[in-house]
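The values are calculated or read from the model by the stated rules, or taken from the named source; none is laboratory data. Quick caveat: nothing in here was measured; it's all calculated off a predicted structure. When we count neighbours, we look across all protein chains shown, and the Cβ atoms used for this are built from the backbone with ideal geometry, even at glycine. For accessibility, only protein heavy atoms count, side chains too; no ligands or nucleic acids. Shrake-Rupley method; radii C 1.70, N 1.55, O 1.52, S 1.80 Å.
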Amino acid sequence: MQYFFVLPLNYEKIAAYFANPYKNKCMQVFKFGGASIKSADAVRNMVEILKRFPDEKILIVVSAMGKTTNALEEILHLKLKKLSTKAAIQKLYDDHANIVNSLFDDHASEPLEFLQSIFEELENSLEKIDINHYDQSYDSIISYGEIISSNLLLKYLELKEFSITKVNAYKLVRTDDTFRDASVNWIKTKETISEKVKNEFTNHQLLITQGFLGGTEEGQITTLGREGSDFSAAIFAYSLNAKAVTIWKDVPGILNADPKKIQDAVLYQELSYKEAAEMTYYGASVIHPKTIKPLANAGIPMHVRSFSKADKGGTIIHDCKVIHEIPCIIIKEKQSLISFQLNDFTFITESLIGKIFDSLNKHHIKINMMQNTAISFSICVNDDLHRLDQLMSELKNDFSILYNTGLELITIKNFNESLIDRMIHKKEIYLEQRTRKNYQVVVKSLESR
């Protein structure tokens, strides 16, 4: 695959920065996602990356290994349906045990004992879940992914003689009790992180913690939203006034499209905080949407770099004036289109729209695209059957509700007509909008029907 670079006006300055981006910096935050620790070889590669920074204080934020979060979601849903979870739990255990045996060789007994004990805890927790408190049950089960990965990686890095200890994010990142999408108490979080982490750094070069997780004052584990480990890295960086955040990914940086779907994707060498925030708002999956704000507020640059090509600079997000005119293509899969209609030909008024928005807010559902006519109001949202069922049940007495699932939302920033034609080819259009710069369309592939 070939990548084309849009070079900024201050390219020489940026190139020098990439050559040694951490010069004279006192503390960094590194985030390793599931793909970068999905196997024994991937973990060994992470170790090689850390060896490149022998004199740096680094806080490491880790996701669950590979597709662990998906597997835990499947286990939770099997349990809620009163189906057997035995095979799914055994497979997840075996996946982790295989990584442990490959990494630790003759030293595997202790991490395997830990793994056995944590899976026993998981099974005990599954017996306590409650369908009437789905969000809370979700967080209590899904959190095991990051708890397992952070502990196994700690043991392996200790084996490799790194100066390292662990801090638990669910004891430091203070949140409310909005399970599955908790809001951060920034004042309390900064206080607890600053006190604990700075103290641990006096005795260790590296610290490791969990991404995605937070906790209430009462000690209940919460999660920060799907794929929230990037946000965790930003929370720790903001609270510690870190000099930079690096997100290690399976892509060379931030591109103008997903290279798995668009072959001629273009790499951005730098982005402003504003451009990056807009891209995440529209659904760019490289960065969690909440990540940019705390970093921009504190003026902390973020690097997105390839974990398989650690010598490459990737993309830097910082305070800059570069404006990109090349099209940016963002495809969000697993979308639902819901239309609220009035059967008596009464117009959709502001008060009725307000009722819909109140319910959306109550059930923590984010609108990705919306459109109204005289007698209907349509929204495109992420597929989340549990929350969408609650929404439609609450509003069914006020509206006639139609919905479609399994759709895609395509957003093109700086669009042109030929690109639109290319992106909607062999697709059925459900909803379409355009402004001077942006084009959005909700579609379903005709080939999948």
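Between the amide H of MET369 and those of CYS380, distances stay under 5 Å, these residues lying 5 or more places away or on another chain, with hydrogens modeled in the peptide plane.
Could you work out the equivalent-ellipsoid semi-axes for the range 62-130, taking the square root of 5 times each eigenvalue of the Cα gyration tensor, largest first, in whole Å? The partial results should precede the final answer.
On the way: eigenvalues 116, 32, 20 Å².
So the equivalent ellipsoid measures 24, 13, 10 Å along its semi-axes.
In the assembled protein chains, GLU120 presents an accessible area of approximately 90 Å² (probe radius 1.4 Å).
By a 1.4 Å probe calculation restricted to protein chains, SER418 has an accessible surface near 80 Å², given to the nearest 10.
Rounded to a whole number of µm²/s, how large is the Stokes-Einstein D of the chain at 37 °C and 0.692 mPa s, given Rh as the Kirkwood radius over C-alpha pairs? Translational D for this selection: 140 µm²/s.
Counting only residues 5 or more places away or on other chains, whose amide H sits under 5 Å from the amide H of GLU270 once H atoms are built in the peptide plane? Sorted by chain and number, the residues that satisfy this are ILE316. Close amide H pairs (under 5 Å, H built 1.01 Å from N) link LEU431 with VAL442, residues at least 5 positions away or on another chain. Kirkwood Rh, Cα Rg: Rg to Rh for the range 188-324? Rounded to two decimals, Rg/Rh equals 0.99. Peptide packing: for 36-49, 247-260, the average count of neighbouring Cβ atoms within 10 Å per residue gives the ranking 247-260, 36-49, highest mean first. Ligands, DNA and RNA left out, the accessible area of the chain computed with a 1.4 Å probe is 48% carbon and sulfur.
Only lysines eight or more places from LYS38 in sequence, or on another chain, were considered; those with a Cα closer than 21 Å are LYS51, LYS67, LYS91, LYS155, LYS160, LYS166, LYS249, LYS260, LYS309. For the peptides 63-72, 326-335, 186-195, the ranking by mean Cβ contacts within 10 Å, running from highest to lowest, is 63-72, 326-335, 186-195. Distance distribution note for the range 131-265: the fraction of Cα pairs above 24 angstrom is 37%. So what is the 222 nm mean residue ellipticity for the chain from helices alone, if each DSSP H run of at least 4 adds -39500 (n - 2.57) and you divide by all residues, rounding to the nearest 500 deg cm²/dmol? Value at 222 nm, helices only: -12000 deg cm²/dmol.
Tell me, what is the per residue accessible area of the chain in Å², probe radius 1.4 Å? Present the calculation step by step, with values, prior to reporting the outcome.
On the way: 21600 Å² over 449 residues.
Heavy-atom accessible area per residue stands at 48 Å².
Scaling the Cα radius of gyration of the range 311-449 by the globular reference 2.2 N^0.38 Å produces a ratio of 1.23. Using a Gaussian network for the chain with springs between C-alpha atoms less than 10 Å apart, which of these wobbles most: PHE236, PHE399, PHE179? It is PHE399.
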